[in-house]
Amino acid sequence: MSLLYFVLLPLLALFLMPLYRKHLHIISVMLNLTLLTLALTCTHTLPMVERVAVDLPFAITFVLERASWLLLTLFTLIMSLVSLYHLRYGNDKALFVASTMLGVGVSGLILSHDLFNIYIFFEISSISAYLLTALNQDVKAYGGAIRYMIVGAFASLFLLLGIMLIYLSIGVLDIGAIAERFGLIEPRLQFLILLSLFIGFGIKAELFGLNFWVADIYQASRSSVGSLFSALLSKSYLFVLFHLTYLLHVSPSQLFFLGLIGALTFVAAEFSAFKSHESKRIFAFSTLGQIGIITLALSYADAMLSAAALMLILTHAVAKTALFLALDLLERHFHSSHSTIFARFHAPFLMGIIALAGLSLLGIPPFAGFVAKLSILTGLASLEAYGAVALILLISLIEAAYLFRLLTGFRQGTGKERLYVAWSHKLLLGFMVLLLLGFGLMPEPLLQLCQAAAASMLGGNHVPL
Amino acid sequence: MIPFLIIATLLSLLAAAVMAIYSRDPAHSVLSYMGFGLGSTVLYLLFSAPDVALTEAVIGAGVGALVFVVALLQTQNKEQP
Amino acid sequence: MNLKRTLALSHLLTGLLVSVMIIALLGTLRLLTPPIDTIGETLLHINAQSTQVANAVTSVVTYFRGLDTLGEVSILFLSIFGVALHMQHSTRNLFGAHDTLLQIGAQVLFPLIVLFGVYIITHGHLSPGGGFQGGVIIASAFVLRFLAYGDHYEPSARLLTLSESLSGAGLVLLGVLGLLLGDRIFAQILSLGTMGTLLSGGVIELVYLFVGLKVAAEMTLLSQHFIKARDV
Amino acid sequence: MFERLGLVLMGIGALFLLLSALGLWRMPDTLSRMHASTKASTLGILLVVLGAVCHTPELWFKLGLLGLFVLLTNPLSASILGHSSYRKEGFYSPDHIDALKEESL
């Protein structure tokens, strides 16, 4: 079993496209389920290290340890769910190409331990994200895609600058080798490298100050694409950012800066979500808010908090996927995603899904989101960061306010228009909510997985040279 | 000799880039862009990277300029229907 | 968000970028103590041992960093797919010239240019060049025909797509075969031959062949889409 | 000996190229500029190629192909340029004879 299959199999499926051009949706489901199975079979053989072509220092190394395994499983799961969701809508070539490529990009991002290879996967995932944004082929979609492209070009420029400076000064690109020699670089140059890497990944991970574009992109694209963006794309960039941060042993003041950025992201995003009235914008800003909390928690470089942050990544990804897919059903029916449409129809099932997933997002007891948020709060309290605790609790009120506003919008207009939801979609959405509920009631196994992952992420998971 | 050539090429690159930005006629900009591509080809050759030079000559000065020319023709068609 | 604000934003970002780059360059000029010299030596040493390829750049591109090349090929595929998706309704040719001299010239030059491209691809492991460059050169022969013949020249889009896809699949399959038969991606499953001859380098030559075919088909498709695009 | 000859030939070729560039700079209109640039530069490049062959004779095949390629493409592109320039602005002729007008372009 080789780790490269996570990259090679989707590429093969993509290049063989002309052979089965009528059945792309079925191939997509089969591919993603295969990858999910592959990811699950890797459980017992962690950590796995694989070298491409030659040995170090020129080798590209692929590493699968606890943390990246957790994310890889999550990504393949989400991809499978989304492709199952699209099964009913038939053959869509553009969606197939872009989403499969996005899968290649994000799995490469978390698997690869070579900085330039990471850049390649960064580009692959970015370009597929532009394509996904432009999927609707109308003026709004093109505008969003072009804006995304300009921002993305800046991100990759800064990333390339950082990579170039690293290669010029120590002559290696493998992350483990860089971590060993990073201390040898002149401190001012170190700061410059960290800054450009931070800007590069921060733009894509939608951090504060660099995220002015996010809501427009989500609004321009389809809702089902939004689920891919918020569950896969930003999470993988965030993972790489913090993976590098931990490996390079950045100073406490720089970690504090990251935490500050996280807190600012959180506050700004939740306020913006409160102000907006378009459901896709609201969920986009809420994704930003969650990313803020995750950044804040990860910036403490503490085992318990990092585990909690990983848990939040998992629960948030599943909840957001359910929300966006439900929204996509609405959008396909009404051709709009303004929050007033919620008052126009009668669909108790969809309403229930949105409500339950929203509750999990908010952190209400029987759901998995609650466990994640609670462990973040207790972790912060055990580090005596009471300011952060108070901030999260306070801002969560705002989150509660806009989510309840959305839900009351639902209740007002009962019985106007019936919305038919196919049983397969019901099954899919119900599965996701049950997943959230199940992990909320029995959080122990998941928490243990997250703790092991956090330990391996913080421990530097050093690849022996 | 080589350092002098490098500096001369760099200066002409700078001139080509400035001309590409500030010339009024878009066609002149495209021409300057092609000049920029050729200049960088020479630069790569001077740095003894013939592979990169070949790529730059074919893609930078050839295909890139073709895309610009096509875009130029399309927009001009739009202006005078 | 209107155009003005977007523009202002991009100016701001450009300013930021330029200042950071200038600072970086000024800083690096003083601070760097490059260890690069040693890398080149090591690389040539490894290359002589493991690949038997005269052009060391080629063995870096296709073998040591084969995965990166695969990624770049798929980036190219993705961007050309994007262009094709949004420009697919071609109506008329932009260059409607009917110049007899140009047509005859194109007829004479077409096989020569293709031959040159094939030469560049197949000699990628011996001299500067390789799949990317040769592929683009072959595509430029097709561009010449587009220019000369206007609407009367339509290469089969189906054939182009098929050759593009199959060469990409061949590239990935080569990697998978390396994983299955050897121990790593693009492992040398063929004999290496002696350095400097045409049939040396084993898998590397095949990789460049596939890359060249793919790039040629992709670039031809791309230029066809651009030249025959409907009024935007 | 042959090396010396090759260098001289290359020098003459470079001189022709310089002259053609000068003509491109100094001539008044498109057609006369092309007159200066195409002929002189074709000759110049061929002389440079010939000089290179004399300088390193083992490259004769590739350099011969290069010369052939230049001979094929340079006049062709010049003719296309001339045609399109004529179609755009015509040319100056003191006795108002325009032989190209009768041809269908």
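Observations on the model:
- Single match in A:PHE410, A:PHE431 (criterion: of a type in the set (Phe, Trp, Tyr), part of a helix (DSSP H, G or I) and modelled with pLDDT under 85): A:PHE410
- When residues in the range C:131-169 are screened for being assigned to a helix (DSSP H, G or I), surrounded by fewer than 21 Cβ atoms within 10 Å (Cβ to Cβ) and within 14 Å of chain A (Cβ to nearest Cβ), 9 of them pass.
- Filtering A:PHE6, A:PHE62 for residues that are within 14 Å of another protein chain (Cβ to nearest Cβ) and not in a helix (DSSP H, G or I) leaves a single hit, A:PHE62.
- Which numbered condition C:PHE186 misses (of (1) over 21 Å from C:PHE146 (Cα atoms); (2) modelled with pLDDT under 80; (3) within 14 Å of chain B (Cβ to nearest Cβ)): (3)
- Flag if C:VAL176 is within 9 Å of another protein chain (Cβ to nearest Cβ), surrounded by fewer than 21 Cβ atoms within 10 Å (Cβ to Cβ) and not hydroxyl-bearing (Ser, Thr, Tyr): yes
- Within the range A:40-59, being in a helix (DSSP H, G or I) and in contact with a strand residue (DSSP E or B) (Cβ under 9 Å, 6 or more places away or on another chain) holds for A:CYS42, A:THR45.
- Residue that is farthest from A:LEU406 (Cα to Cα) [pool: residues in the range A:251-275 that are among the hydroxyl-bearing types (Ser, Thr, Tyr) and crowded, with 17+ Cβ neighbours inside 10 Å]: A:THR265
- Qualifying residue in the range B:65-78 (condition: closer than 30 Å to C:THR220 by Cβ and among the basic types (Lys, Arg)): yes
- Once the range C:48-67 is narrowed to residues that are farther than 19 Å from A:ASP114 by Cβ and assigned to a helix (DSSP H, G or I), the residue that is nearest to the other protein chains (Cβ to nearest Cβ) is C:THR58.
- So D:LYS39, is it surrounded by fewer than 16 Cβ atoms within 10 Å (Cβ to Cβ) and either closer than 27 Å to C:ILE113 by Cα or within 14 Å of chain C (Cβ to nearest Cβ) (or both): no
- Odd one out for C:THR28 among (1) at the interface with chain A (Cβ under 9 Å from one of its Cβ atoms); (2) at pLDDT 80 or above: (2)
- Residue within the range C:208-227 that is of a type in the set (Lys, Arg), surrounded by fewer than 18 Cβ atoms within 10 Å (Cβ to Cβ) and either without any contact (Cβ under 8 Å) to a residue 12 or more places away in the chain or within 10 Å of chain A (Cβ to nearest Cβ) (or both) present: no
Residue-wise test of (1) touching a residue at least 60 places away in the same chain (Cβ under 8 Å); (2) under 18 Å from the mean Cα position of the chain (by Cα); (3) under 30 Å from A:HIS333 (Cα atoms); (4) surrounded by 21 or more Cβ atoms within 10 Å (Cβ to Cβ).
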| site | (1), (2), (3), (4) |
| --- | --- |
| A:ARG88 | yes, no, yes, no |
| A:ALA94 | no, no, yes, no |
| A:THR100 | yes, yes, yes, yes |
| A:SER112 | no, yes, no, yes |
| A:ASN117 | no, no, no, yes |
| A:LEU132 | yes, yes, yes, yes |
| A:MET149 | no, no, yes, no |
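- Residue that is nearest to the chain's Cα centre (by Cα) [pool: residues in the range A:3-17 that are farther than 16 Å from C:LEU78 by Cβ and of a type outside the set (A, V, I, L, M)]: A:PHE6
- Near pairs, Cβ below 7 angstrom, 6+ apart or cross-chain, from the range A:1-25 (without any contact (Cβ under 8 Å) to a residue 60 or more places away in the chain) to any residue that is buried (at least 22 other Cβ atoms within 10 Å of the Cβ) and in a loop (DSSP other than H, G, I, E, B): A:LEU4/C:ILE185
- The test for being within 24 Å of the chain's Cα centre (by Cα), farther than 28 Å from C:ILE75 by Cβ, more than 9 Å from every other protein chain (Cβ to nearest Cβ) and not in a helix (DSSP H, G or I) holds for C:LEU199.
- Complete set of residues in the range A:12-33 that are away from chain C (no Cβ under 13 Å) and either within 18 Å of C:SER167 (Cβ to Cβ) or in a loop (DSSP other than H, G, I, E, B) (or both): A:LYS22, A:HIS23
Table: residues versus (1) more than 22 Å from D:ALA21 (Cα to Cα); (2) part of a helix (DSSP H, G or I); (3) more than 10 Å from every other protein chain (Cβ to nearest Cβ).
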{"residue": "D:ILE45", "(1), (2), (3)": "no, yes, yes"}
{"residue": "D:VAL49", "(1), (2), (3)": "no, yes, yes"}
{"residue": "D:ALA52", "(1), (2), (3)": "no, yes, yes"}
{"residue": "D:PHE61", "(1), (2), (3)": "yes, yes, yes"}
{"residue": "D:LEU65", "(1), (2), (3)": "yes, yes, no"}
{"residue": "D:THR73", "(1), (2), (3)": "no, yes, no"}
{"residue": "D:ILE80", "(1), (2), (3)": "no, yes, no"}
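- Hey, A:PRO57 closer than 30 Å to C:THR51 by Cα, at pLDDT below 90 and within 14 Å of another protein chain (Cβ to nearest Cβ) or not: yes
- Just one of the numbered conditions (1) under 15 Å from the mean Cα position of the chain (by Cα); (2) assigned to a helix (DSSP H, G or I); (3) in contact (Cβ under 8 Å) with a residue 12 or more places away in the chain is not true of C:PRO128: (2).
Residue-by-condition table, conditions (1) acidic (Asp, Glu); (2) buried (at least 24 other Cβ atoms within 10 Å of the Cβ); (3) within 16 Å of the chain's Cα centre (by Cα):
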site	(1), (2), (3)
A:PHE283	no, yes, yes
A:THR287	no, yes, yes
A:ILE294	no, yes, yes
A:LEU298	no, yes, yes
A:ASP302	yes, no, no
A:HIS316	no, yes, yes
A:ARG332	no, no, no
A:HIS335	no, no, no
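- Selection from the range B:1-26 of residues that are surrounded by 12 or more Cβ atoms within 10 Å (Cβ to Cβ) and touching a helix residue (DSSP H, G or I) at 6+ places or on another chain (Cβ under 8 Å): B:LEU5, B:ILE6, B:THR9, B:LEU10, B:SER12, B:LEU13, B:ALA16, B:ALA17, B:MET19, B:ALA20, B:SER23, B:PRO26
- Hey, A:HIS243 of a type outside the set (A, V, I, L, M, F, W, C), away from chain C (no Cβ under 14 Å), outside any helix (DSSP H, G or I) and farther than 24 Å from A:LEU362 by Cβ or not: no
The values are calculated or read from the model by the stated rules, or taken from the named source; none is laboratory data. Not measured: the values here are computed from a predicted model. Cβ: placed from backbone, ideal geometry, glycine included. Neighbour counts: every protein chain shown.
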